[in-house]
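Student: Can you keep this structure in mind? I'll have questions shortly.
A short reminder: the numbers here are calculations on the coordinates, not readings from a lab. Everything numeric in this text was worked out from a predicted model, so none of it was measured. Glycine gets a Cβ as well: all are built from the backbone with ideal geometry, and neighbour counts include every protein chain shown.
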Amino acid sequence: MVEKVRLSKLMSMRGLCSRREADVFIERGWVSVDGEPVAVLGTKVDPAQTITLDKQARADQGRRVTLLLNKPIGYVSSQPEQGYRAAVSLIDARSRFHSDRSPQRFSSTQLRGLAPAGRLDIDSQGLLVLTQDGRIAKQLIGQDSTVEKEYLVRVEGRLSEEGLRLLNHGLRLDGAALRPARVGWQNQAQLRFILKEGKHRQIRRMCELVDLTVTGLKRVRIGRVRLSGLPEGQWRYLAENEKF
């Protein structure tokens, strides 16, 4: 007998939306299973059943924005901490990149539910994704995400060949083996890291394990989206033709 799954969980697993969004859509009667509307939270369904979102749900998703911010050092990615501001506080009409080609007009309503899809430490800078779209958040930070994140990391210390090998594969953090990475020298003082995971302060902790000290860290790419010429402290919309 096939074990049934909560509808909201199955919707998230299929990438239709986040679980939180699924609950909202279900409550509003915007979800159908095998053509029959479902409006009861907690409903369980057969994993083989067909789930569809009606046009109101799709329109709601279409209005959700995703922004790319070049986060400066000194800002926290999510909740503000004592003495520091959250990165989202940088988002307003004045800080929008003047070369942003998106036809979207900025509105303060776009700040509602805008959350970082992946963290950058307070002492790190570079590309930060802020989104209202649970599908994008799941793609970038979901447990099964394989989206690459690329960093330029300035270091001090002596790195042996064995240390470089361990940075690429062989280190453990929090009692678990890290996924294979791609790490190499960008120049004499800077390493390039390409990761497919994002544990807390991962790069700094990896470097500590091979006797390196990080003195600067900048994220320059997430998937196929690059920081490129976006100035520090400014933001732009993710273009319709851009995919992570």
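Student: As an exercise, identify the trypsin sites (Lys or Arg not before Pro) in segment 75-116 lying in DSSP coil whose Cβ has no more than 10 other Cβ atoms within 10 Å.
Tutor: On the way: sites: R85, R94, R96, R101, R105, R112; in loops: R94, R101, R105, R112.
Those satisfying the criteria are R94, R101, R105, R112.
Student: Also: What does the extension gain come out to for Q49 and I194, with contour length at 0.36 nm per residue minus their alpha carbon separation? Display every interim value, and only then the final one.
Tutor: Numbers: separation 145, 0.36 × 145 = 52.20 nm, distance 3.80 nm.
Using 0.36 nm per residue and subtracting the Cα-Cα distance, I get 48.4 nm.
Student: Also: Which percent of the Cα-Cα distances in segment 112-244 go past 25 Å?
Tutor: Details: 2271 of 8778 pairs.
Everything past 25 Å amounts to 26 percent.
Student: Turning to a different aspect of this structure: Provide the net charge surrounding H200, with neighbours chosen by a C-beta distance below 9 Å and charges set as Lys +1, Arg +1, Asp -1, Glu -1. Could the numbers behind the result be given before it?
Tutor: Details: positive: R119, K199, R201, R205; negative: D121, D174.
In short, +2.
Student: Here's a follow-up. Relative to the compact-globule scaling 2.2 N^0.38 Å, provide the ratio for the alpha-carbon radius of gyration of segment 36-176. Please report the intermediate quantities before stating the final value.
Tutor: Values: Rg = 20.1 Å, N = 141, 2.2 N^0.38 = 14.4 Å.
Rounded to two decimals, the normalised Rg is 1.39.
Student: Right, next: Please state the relative contact order of segment 132-184 as a whole percent: Cα pairs under 8 Å, 6+ residues apart? Please list the in-between numbers first.
Tutor: Numbers: 24 pairs, mean separation 10.8, N = 53.
Result for segment 132-184 is 20 percent.
Student: Estimate the FRET efficiency between D60 and D174 by the formula 1/(1 + (r/R0)^6), using the beta-carbon distance for r and 51 Å for R0, to the nearest 0.05.
Tutor: Values: r = 37 Å, r/R0 = 0.73.
Plugging the Cβ-Cβ distance into 1/(1 + (r/R0)^6) gives 0.85.
Student: What's the exposure ranking of D133, D144, going from fewest to most Cβ atoms within 10 Å?
Tutor: Working: D133 22, D144 7.
Arranged by neighbour count, lowest to highest, D133, D144 become D144, D133.
Student: In percent, how large is the relative contact order of the chain, given Cα pairs closer than 8 Å and 6 or more residues apart?
Tutor: Details: 440 pairs, mean separation 52.3, N = 244.
21 percent.
Student: How high is the relative contact order of segment 50-144, in percent, counting Cα pairs under 8 Å that sit 6 or more residues apart? Can you show the working numbers first?
Tutor: Values: 116 pairs, mean separation 34.8, N = 95.
Worked out over segment 50-144, it gives 37 percent.
Student: Follow-up question, since we're still on this one. Between segment 82-100 and segment 147-162, what is the separation of their alpha carbon centroids in Å?
Tutor: 29
Student: Binning every alpha carbon pair distance of segment 149-222 at 10 Å from zero, what are the percents per bin?
Tutor: Taking every Cα pair in segment 149-222, the percentages come to 20, 62, 17, 0.
Student: Could you bin all the Cα-Cα distances of the chain into 5 Å bins starting at 0 and give me the percent of pairs in each, rounded to whole numbers?
Tutor: Once binned at 5 Å, the Cα pair distances of the chain give 1, 6, 12, 15, 15, 14, 12, 10, 8, 4, 2, 1, 0.
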